[in-house]
C-alpha cells in the first residue's frame with residue numbers, strides 16, 4: 001500500500017479526535033497525518049466561563065497539541081489555511097502548501113452576531129481564551145471602579161443568549177462578583193443585592209435545545225439566584241451600556257456580553273463552499289457531496305447540534321471511514337448517540353439528563369465536573385484541573401488581573 005497523506009484542518013474537538021482515532025487504526029508506515037491549526041494548543045471551550053470568573057487559570061483549559069501527539073505520525077503545523085484546491089488535492093496555508101489524499105475540515109465556529117448593530121463593537125463575547133481573559137479583567141476593573149465611585153449601577157450585567165454558555169456564565173458571574181465585592185470590599189457599603197445580572201433570550205425559555213424538565217429546573221435556579229431572565233426578547237441594537245429591543249424598550253447595563261450563537265469559520269478559506277445554512281453539506285458518512293475524499297465534521301458541517309460531544313463522535317467515524325476507503329471496505333454512516341446532557345448553574349448545583357431521566361443538585365454538580373475532567377486529553381491536565389477545583393473548595397476565587 002502506498003503511503004497516504006491525510007491533512008486535517010482545525011485543532012478543535014473534531015480535528016483532534018479525528019487525528020487521535022487515525023493513529024489507532026493506521027500504523028506510522030501507512031500514513032502521514034498533518035494537523036493544521038492556528039495555535040499550538042487545544043482549547044477546552046466548555047470551561048471558558050470558569051476562566052472568566054476566576055475558577056480556573058487560562059493554562060488549565062489548554063493543552064499543547066505537540067504534547068498530545070508526541071511519538072505519533074501526526075505532524076503539527078501552526079498556520080492559517082487560506083485555500084483548498086480540491087482538483088489539485090492541495091491545501092494552501094499562509095506560508096506553504098500540502099498535498100493530500102484525504103482531507104478533513106474541522107474549522108469550528110466563531111461568534112454569530114446576527115447582523116445586530118453595535119453587538120461586535122460594544123459587547124464582550126466568550127469564544128476563545130482572550131475573550132475569557134478580557135471579560136475577567138473587565139469585571140475586576142468594574143468592581144474596583146464601582147467601589148471607588150460608590151456607583152452601584154456599574155455592577156449591572158446583561159448577557160444576550162440563554163443557551164448553555166449564557167446560563168452557566170450568568171450563574172458563575174453573579175457568584176464571582178458577589179464574592180469579590182463582599183469579601184474584598186467589605187467597607188464599600190455594597191450588598192449582594194446590588195449586583196444585577198440580566199439574561200436575555202429570543203426563545204420562550206432558557207436552554208431551549210434541552211429537555212423541558214432541564215429547562216424548568218434551570219429557570220427556577222436562575223430565579224432563585226435573582227437573575228433577571230427576559231424571554232421572547234429580541235435585541236435590535238447595542239449602544240455602549242445599553243441594549244435596545246424590538247418592542248421599543250431598552251435595558252441599561254454597564255457590562256454587556258453576547259453569547260447568542262455561533263457561525264462556522266469557513267468564509268476565509270477559498271475553495272470551500274458552505275451550504276445554505278453556512279455549514280458544509282455532507283453525506284451520512286461525513287463526506288462532502290462533491291468530493292468523496294474530503295470529510296467535514298463538527299460545527300463546520302452538517303445540520304446536527306453544534307456540541308463538543310457530537311464532534312468527538314464524528315471524529316471516530318471519519319477516521320474509520322478513511323481507513324475503509326484506503327482498504328476498499330464499506331463505509332459506515334454517522335449516528336449521534338446522546339451520552340447525556342449536563343449543565344452547571346453556579347457552585348454546588350447542576351442539572352443533568354441521562355436516558356430521558358433528569359437529575360439535579362450537588363451530586364450532579366460532581367458528575368458534571370467529573371465528566372468534563374475526563375474529556376481532557378491527558379492525565380497531566382486532569383490532575384492539574386482536579387487540583388485547582390479542589391483548592392477552590394477551600395479558598396476564594398482568584399481576582400488577579402490576567403495578561
- Of the residues in the stretch 52-82, those that are out of contact with any strand residue (DSSP E or B) (no Cβ under 7 Å at 6 or more places or on another chain) and not in a helix (DSSP H, G or I) come to 53, 54, 55, 56, 57, 70, 71, 72
- Condition test on residue 136, is it in contact (Cβ under 8 Å) with a residue 12 or more places away in the chain and in contact with a strand residue (DSSP E or B) (Cβ under 8 Å, 6 or more places away or on another chain)? no
- With the stretch 289-390 as the region, which strands (runs of 3 or more DSSP E) entirely inside it contain at least 1 residues that are at positive phi, assigned by TED's automatic domain parsing to the domain that holds residue 215 and modelled with pLDDT of 95 or more? 357-361
- Of (1) at pLDDT 95 or above; (2) closer than 20 Å to residue 48 by Cβ; (3) surrounded by fewer than 16 Cβ atoms within 10 Å (Cβ to Cβ), residue 209 satisfies all except one. Which? (1)
- Is there a residue in the stretch 105-115 that is under 30 Å from residue 184 (Cα atoms), at pLDDT 95 or above and in contact with a strand residue (DSSP E or B) (Cβ under 8 Å, 6 or more places away or on another chain)? no
- Query: Here are some residues: 277, 284. Which one is assigned to a loop (DSSP other than H, G, I, E, B) and more than 24 Å from the chain's Cα centre (by Cα)?
  - Reply: 284
- Task: Name the residue, out of 285, 265, that is touching a residue at least 12 places away in the same chain (Cβ under 8 Å), more than 30 Å from residue 147 (Cα to Cα) and touching a helix residue (DSSP H, G or I) at 6+ places or on another chain (Cβ under 6 Å).
- Result: 285
- Message: Kindly evaluate residue 341 against the criterion of being touching a helix residue (DSSP H, G or I) at 6+ places or on another chain (Cβ under 9 Å) and more than 23 Å from residue 35 (Cα to Cα).
- Response: yes
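The values are calculated or read from the model by the stated rules, or taken from the named source; none is laboratory data. All figures in this text were calculated on a predicted structure; none of them were measured in a lab. Neighbour counts are summed over all protein chains in view; Cβ atoms, including those assigned to glycine, are modelled from backbone coordinates with ideal geometry.
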